[in-house]
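Undergrad: Below is a structure I'd like to ask you about.
The values are calculated or read from the model by the stated rules, or taken from the named source; none is laboratory data. Because the structure is a prediction, the values reported are computed rather than measured. All Cβ positions, glycine included, derive from the backbone under ideal geometry; neighbour counts span all protein chains shown. Side chains included, ligands, DNA and RNA excluded: accessible areas come from the protein's heavy atoms. Shrake-Rupley method; radii C 1.70, N 1.55, O 1.52, S 1.80 Å.
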Amino acid sequence: MLLPDRSTYNEFAPDGVTPRPYWSAVIESLQDIGPDELARRWERAERRIRENGVTYNVYTDPQGVNRPLAIDPIPLLIPPDEWRVIEAGITQRAHLLNLLLGDIYGPRQLVQNGDIPAALLFANPAFLRPLTGVAPPQRGHLHLIGVDLARSPDGRWWVLADRTQSPSGTGYALQNRTIVADVLPEAFGDANVRRLASFFRTWREVLLGLADCDHPRAVLLTPGPYNETYFEHSYLARYLGLTLAEGSDLTVRDRRVYLKTVEGLQPVHVILRRVDDSFCDPMELRHDSFLGVAGLVDAIHAGNVVVANALGSGVIETAAIMPFLPGLAEKLLGEALKLPSVATWWCGQDYALDWVLNHLDRVVVKPAFPLRGMEPVFGAGLSQAEKQRIGEQIRSRPYEYVAQEQVDLSTVPVWDQGRLYPRSLVLRTYVLNTGSGWIAMPGGLVRVSEADGQVVSMQRGGRSKDAWVLWDGPVDTFSMLRPRNQPVQLERAPADLPSRAADNLFWLGRYAERSESIARLLRCLMTRVRRANHTELACLFRLHGCLGSPHSTLPKDRPASARDLEDELVSLMSGVERPDSLASNLAEVHRVGGSVRERLSSDMSRLVVALAESARTENYMLFVEYSAVLNGCLELLSAFSGMERENITRGSGWLFLSLGRRLERAMYSVRQLRELTSGLDEQSWPLLEYVLEAADSSMTYRSRYFTTLQPIAVLDVLMADESNPRSLNFQMAHLADLHKRLPRHPPADQQAIQGALALLRGLDLEKLEFPLPGSDRPAGNSDGQSQIARSLGSVQKLLPSWADNISLTYFEHAHTYPISIGG
């Protein structure tokens, strides 16, 4: 593993040959492993990253929310003395910023005394006037902050930025540690690395301690699955034992915040937010926000909920405040700033403006208020005309610009294709307010640039690394897992199930079952369409009609041919732009599954990821090859069904997942049975075989009837036989049972589904007569067939209305509409 140029690494002495002492053990371990074994280990790790759905959404990447997190296996090592300097600097900085926020939203003495310019507040869109004068939480405005550090080639650390709103990355740092320690267990075990678990234990205890009650309920407020760091939100919520909630999951009643759950409204005492300040309340802040909770600011005013970090904390998340921090440290703390910021000039000051305009080639120009949306401008790369243009922009509104010295970042080794390459790094550290002081996470999230990149950003293709703080004393080996020798209190009470999560689980079940129905029907059709005679082809068209697809590509102005049906089947299987295709439904399985990943086991999460890829086809594939793809897809869908039945605790989440599956299967069964009972004659006899196969009931029929297919027997297997898990009556009986177990189930809805089941059970199939092949006997008992058609029609009408009432009752908390089996 050769390094092309070691002179830029802090990991090596100035001679570029001798590793620094604290790197020797790790380098020796890497040499023992060897490049081939490291490559094999990392290949397994990357597969694990994909299977576990560890993602970071780069908005310009075609993979979008499905883009796997880019991690480097070689950690950043921080020796003990170096970490002590960092730790002292960032804890002091956190304390200082907390005091500054208290003054900004309180007496504003610092502004009155001229210690900070008024324009830094009142021109800043992140200054939230509705929060002025609000009593801060007992421990101040800041609960957790992030501090971005850069290391210069001489080894000194400088502060690049402060993240005071809702700092991201703690979950990714934890995930990086899990993955890298698993890839390099020998090096990790020998290096005496400080662990992370005790920091997260303290974080959870401090978070719950913010509430002034005995049994607080805390939620993690997320913008939702399309946010770049949604995986982290889900991962953190599970690790800290919090309920993951979107803004729509919460409501404010009587100045109190409640979580909408399937059990009803539950009070919320603490909100750990990952939504930016201004989006948190559409009533008081940004009126166009769909991410927040209407009335949240009023609940904060009333002191009925604690939000961490406090709303308005983003006002100091600007580099423009940095030039004033040394003086503020002396004034508020009585001591010098221990960790310096990179040289920064706020152009709202005349002397700073003049200096910046005369030294544009030495600075990076940024917006003073990040909400303005301007990208950083590197002065060294500008032409004379471009410098003149940016200078004019700055002069026109100088208070909106800040300039920072362009720092030469030191580099770290990054593993790529069997070699190590130098990449610039930024370390984001985290500091937690415990109430009695500040503690730092030992390490943090390391981000490295792409090749030759000036900007270290995950959004620009950078990677992340683990940071190992090496220690010269005993390390705390605490784990979030309870020790074996500690008594445990038995608990079976289910965790809160937010209405949104219940909705997603409900639709996860529906999309999975819908995908299976489409896949089984496609396999039946695709294996027959090229060898079907005229009669069989007509039956295949009728089977296709069971889908009731409004997006069918079959011609409407002429009779469809076998080739038309082939094209339709390919579209139905792989048409990603077609809403009812197999590919689209599996994509929905992945989407809604990703939205509730914190409620799925790791096996189920991996299966959801695999399903999204299972129906992928290539343009060059032969038609006969599609069946093999469908077989693989159905194997995974069968595994999903097995996990739903055997691997999920019978709580509210499982109830809604199962309800979705049974409802979808019942709706599909009704369509099949209605097709069977409408105009079945000798010419359409093959349809019986096709429907049995599509319903996965061929073996059940053959094991009972050693004769040719007959309609009454097929109807019995597919409709009336409640021992067949594919029959309609089986679905209706299970829907009635599942609905009865829901909390707060409306009696009228229960009566409607029970009435439908009773109606179906009351049908006497033995009294029906159908024409048999080769028989001169006409069809008899047309009244009985009409009765079946009417009953199936009533059930087909009932099921969507019943599903709507489920949604209104449990997902939207609205009034339901009366329904009955009579319509």
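Undergrad: Please enumerate the residues belonging to region 696-715 that are open to solvent by 10 Å² or more (accessible area, probe 1.4 Å) and either of a type in the set (Ser, Thr, Tyr) or out of contact with any Phe, Trp or Tyr (no Cβ under 9 Å at 6 or more places or on another chain) (or both).
TA: Listed by number, the residues that qualify are Asp696, Ser698, Met699, Thr700, Arg702, Ser703, Arg704, Tyr705, Phe706, Thr707, Thr708.
Undergrad: Now for a separate question. When you scan region 694-704, how many residues do you find that are modelled with pLDDT under 90 and under 13 Å from Leu673 (Cα atoms)?
TA: Counting residues in region 694-704 that are modelled with pLDDT under 90 and under 13 Å from Leu673 (Cα atoms) gives 0.
Undergrad: I would also like to ask the following. Taking into account only those residues within region 433-446 that are surrounded by 23 or more Cβ atoms within 10 Å (Cβ to Cβ) and among the hydrophobic types (A, V, I, L, M, F, W, C), which is nearest to Val85 (Cα to Cα)?
TA: Here the residue is Met441.
Undergrad: Next question, about the same structure. Residue by residue through region 268-288, note down the ones that are free of Cβ contacts under 8 Å to residues at least 24 places away in the same chain and closer than 15 Å to Asn227 by Cβ.
TA: Across region 268-288, there are no qualifying residues.
Undergrad: State yes or no: is Ala583 touching a helix residue (DSSP H, G or I) at 6+ places or on another chain (Cβ under 6 Å) and farther than 30 Å from Thr261 by Cα? It would help to see each step written out before you state the result.
TA: Numbers: touching a helix residue (DSSP H, G or I) at 6+ places or on another chain (Cβ under 6 Å): yes; farther than 30 Å from Thr261 by Cα: yes.
Answer is yes for this residue.
Undergrad: Filter region 236-261 down to the residues that are open to solvent by 10 Å² or more (accessible area, probe 1.4 Å), over 16 Å from Leu497 (Cα atoms) and in contact (Cβ under 8 Å) with a residue 40 or more places away in the chain and list them by number.
TA: Once the filter is applied, which keeps residues that are open to solvent by 10 Å² or more (accessible area, probe 1.4 Å), over 16 Å from Leu497 (Cα atoms) and in contact (Cβ under 8 Å) with a residue 40 or more places away in the chain, region 236-261 yields Tyr239, Val252, Arg255, Arg256.
For every residue, the table says whether it meets (1) more than 29 Å from Glu87 (Cβ to Cβ); (2) in a helix (DSSP H, G or I); (3) open to solvent by less than 50 Å² (accessible area, probe 1.4 Å); (4) assigned by TED's automatic domain parsing to the domain that holds Leu142.
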position: Ala320; (1), (2), (3), (4): no, yes, yes, yes
position: Tyr351; (1), (2), (3), (4): yes, yes, no, no
position: Val356; (1), (2), (3), (4): yes, yes, yes, no
position: Met374; (1), (2), (3), (4): yes, no, no, no
position: Ala380; (1), (2), (3), (4): yes, yes, no, no
position: Ile390; (1), (2), (3), (4): yes, yes, yes, no
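Undergrad: Of the residues His233, His301, which is in contact with a helix residue (DSSP H, G or I) (Cβ under 9 Å, 6 or more places away or on another chain), at pLDDT 90 or above and surrounded by fewer than 18 Cβ atoms within 10 Å (Cβ to Cβ)?
TA: Details: His233 fails: surrounded by fewer than 18 Cβ atoms within 10 Å (Cβ to Cβ).
Among His233, His301, only His301 is in contact with a helix residue (DSSP H, G or I) (Cβ under 9 Å, 6 or more places away or on another chain), at pLDDT 90 or above and surrounded by fewer than 18 Cβ atoms within 10 Å (Cβ to Cβ).
Undergrad: Which of the numbered conditions does Gly146 fail, given that it passes all the others? Conditions: (1) surrounded by 21 or more Cβ atoms within 10 Å (Cβ to Cβ); (2) in a helix (DSSP H, G or I); (3) touching a Phe, Trp or Tyr at 6+ places or on another chain (Cβ under 7 Å).
TA: Of the numbered conditions (1) surrounded by 21 or more Cβ atoms within 10 Å (Cβ to Cβ); (2) in a helix (DSSP H, G or I); (3) touching a Phe, Trp or Tyr at 6+ places or on another chain (Cβ under 7 Å), the odd one out for Gly146 is (2).
Undergrad: Determine which member of the set Ala352, Ala329 is small (Gly, Ala, Ser) and under 19 Å from Arg395 (Cβ atoms).
TA: Within the list Ala352, Ala329, the selection yields Ala352.
Undergrad: Now, a different point. Can you find a residue in region 186-199 that is farther than 27 Å from Ser341 by Cα, under 25 Å from the mean Cα position of the chain (by Cα) and either crowded, with 16+ Cβ neighbours inside 10 Å or not β-branched (Val, Ile, Thr) (or both)? So that I can check it myself, show each step before the final result.
TA: Within region 186-199, the first condition is being farther than 27 Å from Ser341 by Cα, and the residues that meet it are 186-193, 195, 197-198.
Pick out the ones that are also under 25 Å from the mean Cα position of the chain (by Cα) and you get 197.
When the remaining residues are screened for being either crowded, with 16+ Cβ neighbours inside 10 Å or not β-branched (Val, Ile, Thr) (or both), the result is 197.
Scanning region 186-199, I find at least one residue that is farther than 27 Å from Ser341 by Cα, under 25 Å from the mean Cα position of the chain (by Cα) and either crowded, with 16+ Cβ neighbours inside 10 Å or not β-branched (Val, Ile, Thr) (or both), so the answer is yes.
Undergrad: Could you tell me which numbered condition Val691 fails, if it satisfies all but one of (1) of a type in the set (Val, Ile, Thr); (2) at pLDDT 90 or above; (3) open to solvent by 10 Å² or more (accessible area, probe 1.4 Å)?
TA: (3)
Undergrad: Out of everything in region 602-616 that is open to solvent by less than 60 Å² (accessible area, probe 1.4 Å) and closer than 16 Å to Ser515 by Cα, what residue ends up being modelled with the lowest pLDDT?
TA: Here the answer is Ala615.
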